[in-house]
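Down below is the structure, laid out as structure tokens.
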Amino acid sequence: MSSKLKVSQKKPVFQERFPILIGLIMGLFVLVPILNQFIAVRIILDLFLTAIAISMVYAISNKKSYVIVGLLLAIVLLASVWFQYFHQDKAVAAIGMIAGVFFIAVIIRSLLGFMFKSEEVTREVIYAAILLYLLAAFMWAFAYTFLELLDPASFNVSFGPGRPDFLVFQYYSFVTISTLGYGDITPGTEVAKTLSALEAVVGQLYLVIVVAWLVGMRVAKKSK
């Protein structure tokens, strides 16, 4: 009886981890660009990135093996982000961006394990499927920013003074993963072209495979 009570007490806590993270990512995607039109303060973006990183660690908090690695990578990412307020350094920013790529890869690996181990389609599984798609685009945004820091000719887009704007590559990443391809930002090097094409392919394969898997699991559950 006591064990059942413990499970029921813990379950709501972990059910909140995915909606919180989805809300923060959508806030970064929608609210930050809008606020940036009226308050041109970069700290808004960095505060959202910090909140998202903390929420990501919380999202995998029930997997101790992932938490340690994820926490270390998150610290490197956030340290590089806030270090720029004291000293602008492209090398430090690049290290932070590549740490962000691996950090999100760890989160994606954890979510994939959770999702494909589930035996039925629950609300949390749906949240995980949504998060995987958003995080994949988010991960590529870090990769594109990293490329631009290494080689400013990686993309045909203009930036103001200072480091490349992460919001620009976030927009480009979501446009690419959904294969909209507006053409206002284009890759300028072979590496950038390869990464962009890879993201488009992964985005389409993900939708086909995951939707088919979710529908198949739902049908199989009903047939039983």
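The values are calculated or read from the model by the stated rules, or taken from the named source; none is laboratory data. Just so we're clear, the structure is a prediction, and the values are computed from it rather than from any experiment. All Cβ positions, even for glycine, are placed from backbone atoms using ideal geometry, and neighbour counts span all protein chains on display.
Of note:
- Qualifying residue in segment 87-97 (condition: on the phi < 0 side of the Ramachandran plot, at pLDDT below 90 and touching a Gly at 6+ places or on another chain (Cβ under 9 Å)): yes
- Taken as a whole, segment 117-138 holds no residue that is of a type outside the set (Ser, Thr, Tyr), crowded, with 18+ Cβ neighbours inside 10 Å, part of a helix (DSSP H, G or I) and free of Cβ contacts under 8 Å to residues at least 60 places away in the same chain.
- Test result for ILE98, in contact with a helix residue (DSSP H, G or I) (Cβ under 8 Å, 6 or more places away or on another chain), touching a residue at least 12 places away in the same chain (Cβ under 8 Å) and within 30 Å of VAL211 (Cβ to Cβ): no
- Residue tally, condition touching a helix residue (DSSP H, G or I) at 6+ places or on another chain (Cβ under 9 Å) and part of a loop (DSSP other than H, G, I, E, B), over segment 163-188: 10
- Filtered residues of segment 105-139 (kept if at pLDDT 90 or above and among the charged types (D, E, K, R)): ARG109
- Whichever residue in segment 63-97 is more than 20 Å from LEU47 (Cβ to Cβ) and hydroxyl-bearing (Ser, Thr, Tyr) and, among such residues, is nearest to the chain's Cα centre (by Cα): TYR66
- Pairs where the first residue, in segment 43-67, is within 18 Å of VAL81 (Cβ to Cβ) and the second is surrounded by fewer than 17 Cβ atoms within 10 Å (Cβ to Cβ) and hydroxyl-bearing (Ser, Thr, Tyr), C-beta under 9 Å, 6+ apart: ILE43/TYR85; ASP46/TYR85
- Pair list, Cβ < 7 Å and 6+ apart or interchain, from segment 173-192 residues that are without any contact (Cβ under 8 Å) to a residue 12 or more places away in the chain to residues that are of a type outside the set (Lys, Arg) and outside any helix (DSSP H, G or I): VAL175/GLY181; VAL175/TYR182
- Yes/no for PHE86 being of a type outside the set (A, V, I, L, M) and buried (at least 19 other Cβ atoms within 10 Å of the Cβ): no
- Test result for PHE142, assigned to a helix (DSSP H, G or I), surrounded by 17 or more Cβ atoms within 10 Å (Cβ to Cβ), at pLDDT 95 or above and under 14 Å from the mean Cα position of the chain (by Cα): yes
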